[in-house]
1. Of everything in segment 136-162, what is assigned to a helix (DSSP H, G or I) and of a type outside the set (Asp, Glu)? Give them in sequence order.
2. Just checking, does segment 146-156 include any residue being in contact with a His (Cβ under 7 Å, 6 or more places away or on another chain), open to solvent by less than 60 Å² (accessible area, probe 1.4 Å) and touching a residue at least 60 places away in the same chain (Cβ under 8 Å)?
3. Quick one: ASP211 ticks every box in (1) open to solvent by 10 Å² or more (accessible area, probe 1.4 Å); (2) over 27 Å from LEU73 (Cβ atoms) bar one, so which box is it?
4. Give segment 36-50 a look and list any residue that's modelled with pLDDT under 90 and open to solvent by less than 40 Å² (accessible area, probe 1.4 Å), or say none.
5. For segment 16-26, enumerate the residues that are open to solvent by 40 Å² or more (accessible area, probe 1.4 Å) and among the hydrophobic types (A, V, I, L, M, F, W, C).
6. Of the residues that make up segment 90-97, is at least one of a type in the set (Val, Ile, Thr), in contact (Cβ under 8 Å) with a residue 40 or more places away in the chain and touching a His at 6+ places or on another chain (Cβ under 9 Å)?
7. Go through segment 269-289 and count every residue that is open to solvent by less than 50 Å² (accessible area, probe 1.4 Å) and touching a residue at least 40 places away in the same chain (Cβ under 8 Å).
Amino acid sequence: MTDPRIYQIGLTMINGVGDITAHHLLEACGDPEQVFAERSSLLERIPGIGSTLIKEIKRPEVLNRAERELKFLLDNRLRLIFWNDDDYPFRLKECVDAPLVLYYKGNADLNGPRCLSVVGTRRATDYGRTLTEHFIKGMAEHFPDTLIISGLAYGIDVCAHRAALANHLPTVGVLAHGLDRLYPPAHRSTAVEMLERGGLLTDFPSGTNPDRPNFLRRNRVIAGLAEATIVVESAEKGGSLVTADLAHGYNREVLTFPGRTTDPRSKGCLALIREQKATLITSADDLIATLGWSDEKKSAPMQGVLPFSNNPDNDPVLHAIREAGEIQVNTLSRTLDIPFHRLTTILFELEMEGLIQASPGGMYKTK
């Protein structure tokens, strides 16, 4: 019996098939194996699939490449996370251009209760590095389970990873190449340390070089994994602004630190504020207030009592979960028309109250 992961990987290796087309093929055919087994006459009925693309789907080399990639994963003890797997990041799954396949090495929970992306210029100033360190230290003091996402690049990215490690927060680097290499090589020791408390993630197969277009493409994963993106420093143009725009397009919170109006490496952040694409923050406390996160330490005297605890049946979120029996967080957000970042806060409090139970894949049910 052929390993089904070969077809999962193969679906992403068809020339001319990007993320959105791959999703269409998967939806139309039901599973990856059927995409390759389906008759050409039926494939032609799928919108956007023509004879040229069908020839690419039928090329034997596609599945041969996928088989070699699976061997590489198994030999190196890497994880393959497919779109339909329970552990696929549920926040990323909300995004229309989310990758079907992720390659992962690490132990951080990509579906944890709190996940932030921290990005910025590669030419960070002392001001930017200090802001990053203080911000992440503040997050660790309030929420020691916060997952910090960044791109392992020079400047703010690697500063964010190192600050997370220094404050015992899990941190994941999203790479613009395969897991058979590391760029930049200067950050190898940091990457090794991240594997012990965090990990490395990519949607690029082995053999992929860190070419410029790949960095822009990987930014959608950085933006999609988190419920909020923080831009620390940025010039008027750069990858961090691309990430911010993507996060804004995904209806995620974007937050940024202000800087001197004369500093070129603050102009991108000031533009985000001026264009009302980002909320101005100066500390972790500002972010916590903006996202509506409840701080367990500050709430301690209340003994965790929620506003609806005396009559939980009146809470619409709890009622919707009870009615559904079990429901995915994205579906719940759409059903109740509650912003995703607000809903995750409510769900976390309900879970702490012992009223609901979380399951893999962002599923929730009542206890």
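The values are calculated or read from the model by the stated rules, or taken from the named source; none is laboratory data. Only a predicted model underlies this, so the values are computations on that prediction, with no experimental measurement involved. Reconstructed Cβ throughout: ideal geometry from the backbone, glycine too, with neighbour counts over all protein chains shown. The area values use the complete protein model at the heavy-atom level, side chains included, leaving out ligands, DNA and RNA. Shrake-Rupley method; radii C 1.70, N 1.55, O 1.52, S 1.80 Å.
1. Scanning segment 136-162 gives ILE136, LYS137, GLY138, MET139, ALA140, HIS142, ILE156, VAL158, CYS159, ALA160, HIS161, ARG162.
2. yes
3. Failed condition: (2).
4. Scanning segment 36-50 gives GLU38, LEU43, ILE46, ILE49, GLY50.
5. Scanning segment 16-26 gives a single hit, ILE20.
6. yes
7. The number of residues fulfilling the criteria is 7.
Yes/no matrix, rows are residues, columns are (1) hydrophobic (A, V, I, L, M, F, W, C); (2) crowded, with 16+ Cβ neighbours inside 10 Å; (3) within 19 Å of ARG122 (Cβ to Cβ); (4) free of Cβ contacts under 8 Å to residues at least 12 places away in the same chain:
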{"position": "HIS161", "(1), (2), (3), (4)": "no, yes, yes, no"}
{"position": "LEU165", "(1), (2), (3), (4)": "yes, yes, no, no"}
{"position": "HIS168", "(1), (2), (3), (4)": "no, no, no, no"}
{"position": "LEU175", "(1), (2), (3), (4)": "yes, yes, yes, no"}
{"position": "GLY198", "(1), (2), (3), (4)": "no, yes, no, no"}
